[in-house]
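First up is the structure itself, then whatever we jot down about it.
No lab work stands behind these numbers, since they all come straight from the coordinates. Predicted model only: the values in this text are computed from it and were never measured. Positions of Cβ are backbone-derived with ideal geometry, glycine not excepted, and every protein chain shown enters the neighbour counts.
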Amino acid sequence: MTSESLPYPVLITGASSGIGLALTHLHLSRGDHVIASSRQPDHSPLATLNDHNDRLRLIPADLATAQGPASLAAATAGYTDHLSRVIHCAGVLHDSSHNRSPRKSAWKIFAQKIWNTASA
C-alpha cells in the first residue's frame with residue numbers, strides 16, 4: 001500500500017470486527033474514504049468510529065440473505081459510481097448456528113453466503 005490515499009472509496013464487508021474492522025481503521029488512517037458494511041454497523045465499534053470521521057459511510061447488509069448483496073450494491077451506488085477496492089471480510093466463523101450444526105448443515109450456511117456474495 002502506498003502512503004497516498006486512494007482516488008475512490010474502498011468497500012469493506014464484515015467491517016464491524018476482526019480483520020474487517022482493522023482494515024477499516026487502516027484505510028481511514030491513510031486518508032481513504034471507506035464504505036463499511038456489516039449486519040448491524042450501528043451496534044458495533046463502527047458507530048463510534050463513524051461519529052468522528054466524515055470519510056466513513058456505514059451500510060447495514062446481511063450477505064447471508066438472498067437480498068443482502070443486491071441491497072449492498074444499491075446502497076453503495078448511492079454513494080459512489082466507482083470503487084478503488086472491494087475487500088470481502090464477511091464470514092461465518094462467529095455464526096452461532098454454524099458452531100452448533102453438523103458439518104453438512106454448516107456447509108449449507110457457508111455455501112449460501114459465498115453464492116449470495118458471488119452472484120451480486
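Taking the range 58-74 as the region of interest, how many residues are crowded, with 17+ Cβ neighbours inside 10 Å and closer than 22 Å to residue 7 by Cβ?
Residues flagged as crowded, with 17+ Cβ neighbours inside 10 Å and closer than 22 Å to residue 7 by Cβ within the range 58-74 amount to 3.
What are the pairs, 6+ residues apart or on separate chains, where a residue within the range 54-77 that is closer than 22 Å to residue 31 by Cα has its Cβ under 7 Å from a residue that is polar (S, T, N, Q)?
What qualifies is 56/50; 58/50; 59/37; 59/76.
Within the range 1-25, take every residue that is under 8 Å from the mean Cα position of the chain (by Cα) and touching a residue at least 60 places away in the same chain (Cβ under 8 Å) and give me the one that is farthest from residue 91 (Cα to Cα). Steps first, answer last, please.
Kept after step one, since they are under 8 Å from the mean Cα position of the chain (by Cα), are these residues of the range 1-25: 11-16, 20.
Now restrict to residues that are touching a residue at least 60 places away in the same chain (Cβ under 8 Å): 11-15, 20.
Working: 11: 15, 12: 12, 13: 9, 14: 7, 15: 10, 20: 10 Å.
Ranking the qualifying residues of the range 1-25, first place goes to 11.
Restricting attention to the range 26-57, which residues are within 14 Å of the chain's Cα centre (by Cα), buried (at least 16 other Cβ atoms within 10 Å of the Cβ) and more than 21 Å from residue 69 (Cα to Cα)?
27
In this structure, does residue 38 turn out to be among the polar types (S, T, N, Q), touching a residue at least 40 places away in the same chain (Cβ under 8 Å) and in contact with a helix residue (DSSP H, G or I) (Cβ under 7 Å, 6 or more places away or on another chain)? Let's see the steps before the verdict.
Values: among the polar types (S, T, N, Q): yes; touching a residue at least 40 places away in the same chain (Cβ under 8 Å): yes; in contact with a helix residue (DSSP H, G or I) (Cβ under 7 Å, 6 or more places away or on another chain): yes.
Here the answer is yes, as residue 38 does meet what is asked.
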